[in-house]
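Below is one structure; the comments refer to it alone.
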Amino acid sequence: MKWLNISSIGTWWLRLLVLLLLGIPALSGWPLTEVTTGIQMLVPFELDRAGDISDLVSWVVYSSIIWLVVFSSVGIRKFLEYLAAAFIIGLTTALLGSVVRKAFPILSGTMSADEISLRMVNLLLIIVTVVPYALLFINSFSAKNIITKLTDAKGKRKTIGLHFALLLRVIQHAGEVIFNLLEIWAEEHPDKIFPRHRRDWRAKWYSSANMFPWAWGAVFSWIYATMIHTFEPIPGMVDEVENINHYRR
Amino acid sequence: MSEPKKWTFATTAIVGALIALAAIATMVIRIPIPATTGYFNIGDVFVVLAGLWLGPLAGAIVGGVGPTIADAIGFPVFIPATMLTKGLEGFIVGLIASRASEGNVKVKTIAAFAGGLTVVVGYFVFEAYIYPAIGKSIPAFAITDIGAAIIEIMPNTIQGIVGALGGLALWKALSGYNPRK
């Protein structure tokens, strides 16, 4: 399925155009609303929440297309990494939404339990679709290519282009850090991301209270680790771009 | 008053890192608020940090871009509200913080909490008045009303306080960092 490979599109603006077209349904809802109406018309009998269920089905269709494009463009390994990140974000969000519905009913407003549940399933589908798409979008453009092309350029165009390339490079690097961190923690410090690995928690009636300090610690370790690894190579990147900016043939 | 900072390649690199971190922090820890279909998150930590560390322009860019990228993933209807509210949050934090000397913790604290207040007021205005008004002509925006906006004041206040405290802590930890060393 080479024709689905976005990175094989040589011209950068054509690649950008294709990626933007692919993202339209996620941002605007079009043509998913039309697909939803079409699916509803196919159902020959009355169904409770037929509209919501049809909406979920149309998202499954769109999600399959996005996954196929991402898989064809980045290969199996990266695709699975993207999916892992998407499911971690999606599942935590959807599960936390359900916890909020139970624990703080006042935050539900006028929404019924059914409506919230369907909204959370929909949210999970949206996240597992859009996260791989967003990662494909960011990584479809090479900062290094932009820098190389700008080496012999002159004046403001060169400086502005280098600022843009540096910005893209740092954002791509930050995205990589998240995956590496997840992989390293999963292998070397599983207790930081999976509470079941905490062997020091004894099975007492108050054991579940350990979850709160654990979650607090996990969030803060994660923030600090992400920051350290994100900022670490920045001096090198800045030096390189500054040298190119001052480079004259 | 501190000297206005010159925009260098190092500034661009830090802004890029903070945009990415703000987007990631907004996405990874988000607690949906069913009443408004919005969500609680900790992305403000990096918006406040950007304003305190790099000034109003960088604060506005990080606030306007980072959390907006996160909203595009799952909550696209909130993009206009987030872009303006968080952009303004970073700008206000940076503006107040730049009026004081580098080490003036008192003014930096006021700046950080002013940013938190901007989030509470900004989202309230959008959810109570602007979205219902736009919703009359574009149905996708008819997702909130004044009742839902009142319900969200509490989580937004907690989010503002967490953002201010986290941003201040990180600013203190990073104030000696120079990417050119």
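Quick note: the coordinates plus some simple rules give every number you see, no bench work behind them. If you're wondering where the values come from, they're calculated on a predicted model, not measured in any experiment. Using ideal geometry, Cβ is built from the backbone for each residue, glycine included, and neighbour counts are taken over all protein chains shown.
Here r is the Cβ-Cβ distance between A:N145 and A:I65 and R0 is 30 Å; the resulting FRET efficiency, rounded to 0.05, is 0.65. Taking a spot 7 Å from the Cα of A:A186 along the direction of its beta carbon, which residues of the stretch A:70-96 have an amide N less than 16 Å from it? What the label zone holds, given the 16 Å backbone N cut-off, is A:76-92. How many angstrom lie between the C-alpha centres of the stretch B:63-89 and the stretch A:224-238? The distance from the Cα centre of the stretch B:63-89 to that of the stretch A:224-238 comes to 25 Å. In a fully extended conformation the segment linking A:W12 and A:R157 would gain 50.4 nm over its present Cα-Cα distance, using 0.36 nm per residue. Taking only the C-alpha atoms of the protein assembly as shown, the Rg (one decimal) and the largest Cα-Cα distance, Dmax (whole number), read 22.4, 74 Å. Legend: distances between Cα atoms for A:K154/B:K6; A:K78/B:K6; A:K192/B:K108; pairs beyond 27 Å are A:K78/B:K6; A:K192/B:K108.
Each of A:I24, B:I153, B:I14 was scored by other Cβ atoms within 10 Å of its Cβ. Listed from fewest to most, they are A:I24, B:I153, B:I14.
Here the stretch A:117-187 and the stretch A:1-54 have alpha carbon centers that stand 23 Å from each other. Along the stretch A:127-132 the Karplus relation, 6.51 cos²θ - 1.76 cosθ + 1.60 evaluated at θ = phi - 60°, assigns HN-Hα couplings of 5, 5, 8, 7, 4, x Hz to successive residues, with x for each Gly and Pro.
Quick one: Debye curve from the alpha-carbon atoms of the stretch B:24-74 only, equal weights, vacuum; give me log10 I(q)/I(0) at q = 0.17 Å⁻¹ to two decimals. The Debye formula, applied to the Cα set alone, gives -0.51. Above 21 Å, the calculated P(r) of the stretch A:57-163 contains 54 percent of its Cα-Cα pairs. Counting only aspartates and glutamates at least 8 places from B:K172 when in the same chain, those with an alpha carbon closer than 13 Å to its own are B:E102. Between A:L20 and B:W7, the modelled label-to-label distance comes to 2.2 nm, taking each label 7 Å out from Cα in the direction of the beta carbon. Where only DSSP H runs of four or more residues are counted, chain A gives -25500 deg cm²/dmol as its mean residue ellipticity at 222 nm, each run worth -39500 (n - 2.57). Amide H contacts of B:I33 (H built 1.01 Å from N, in plane; Pro and chain starts excluded): B:G38, B:Y39, B:F40 sit under 5 Å, all sequence-distant by 5 or more or on other chains. Once both labels are positioned 7 Å from their Cα atoms along Cα-to-Cβ, the gap between B:M154 and A:V121 label points is 2.9 nm. Per residue, the convex hull around the alpha carbon atoms of chain A comes to 191 Å³.
Across every direction, the projection of the convex hull enclosing the Cα atoms of the stretch A:143-246 has a mean area of 7.9 nm².
With one equal scatterer per alpha carbon and no solvent term, the Debye-computed log10 I(q)/I(0) for the stretch B:9-174 at 0.10, 0.13, 0.17, 0.18 1/Å reads -0.33, -0.54, -0.89, -0.99. The alpha-carbon of A:K144 sits under 13 angstrom from the alpha-carbons of these aspartates and glutamates, leaving out residues fewer than 8 places away in its chain: A:E240.
Helix A:155-188 and the longest principal axis of the C-alpha atoms of chain A enclose an angle of approximately 50°.
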